[in-house]
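**Student:** Next up is a structure, given as structure tokens.
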Amino acid sequence: MPAMVPPVNCFTILVIDDLVPNRVLLRKVLEGAGYAVLEASNGIEALELLRDRSLNPDLIVTDIEMPAMDGIAMIERVRLLDHPMARVPIIAASGNADESMRRSALGAGSDVFLTKPFDLGMLRREIARLITSRRQVPPARSQANLLARPLNRVASPVKEVN
């Protein structure tokens, strides 16, 4: 892929993964496609970034299994926000994916679940599709503002949905 310089008004993607090599790879791929990239190493760090209302990513790509706060708990918190970020499209991913994890991620509010390693072409297509279709309807959940609450610093286990 040839390197591209993102335009000044490009879309921004928040990449959340505890593994630096994964974030570096996604940064290179996404910046090469013209996106600006923000990074966080876990759900707590991501929610802290989202507190800064000047940072409004157009899409989030998150790992599921991370220390401090996993992707499922982070997705649930984002969907409960009392501002437009509650509707940001989210792609959840895991290298240890099984059907119950996929159901948990989608049940928490992710728009797409992908298995790692990514098919980078598919990832880019999903990102483009989600950004252009943006969530138009707020999620059907309580609109409590969880950004104002103290963050739980204990990793949440992935919930199994029966």
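The values are calculated or read from the model by the stated rules, or taken from the named source; none is laboratory data. What you see is a predicted model, and the numbers here were worked out from it, not measured in a lab. Positions of Cβ are generated from backbone atoms using ideal geometry, with glycine treated the same way; all protein chains shown enter the neighbour counts.
Yes/no matrix, rows are residues, columns are (1) closer than 25 Å to Arg51 by Cβ; (2) modelled with pLDDT under 90; (3) assigned to a loop (DSSP other than H, G, I, E, B):
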| position | (1), (2), (3) |
| --- | --- |
| Ala93 | yes, no, no |
| Arg103 | no, no, no |
| Leu106 | no, no, no |
| Phe118 | no, yes, yes |
| Leu123 | no, no, no |
| Ser142 | yes, yes, yes |
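**Student:** With respect to the numbered conditions (1) in contact (Cβ under 8 Å) with a residue 60 or more places away in the chain; (2) among the charged types (D, E, K, R); (3) part of a strand (DSSP E or B), which one is the sole condition not fulfilled by Glu39?
**Tutor:** (1) is the only condition that Glu39 fails.
**Student:** Are any residues in the stretch 61-91 surrounded by 16 or more Cβ atoms within 10 Å (Cβ to Cβ) and either polar (S, T, N, Q) or part of a loop (DSSP other than H, G, I, E, B) (or both), and if so, which ones?
**Tutor:** Thr62, Ile64, Glu65, Met66, Ala68, Met69, Asp70, Leu80, Leu81, Val88, Pro89
**Student:** Something else now. Residues being of a type in the set (D, E, K, R) and within 15 Å of Gly107 (Cα to Cα): count how many of those fall in the stretch 53-76.
**Tutor:** 2
**Student:** Let me ask you something else. Scan the stretch 1-36 residue by residue and report those that are polar (S, T, N, Q) and either at pLDDT 95 or above or not in a loop (DSSP other than H, G, I, E, B) (or both).
**Tutor:** Thr12, Asn22
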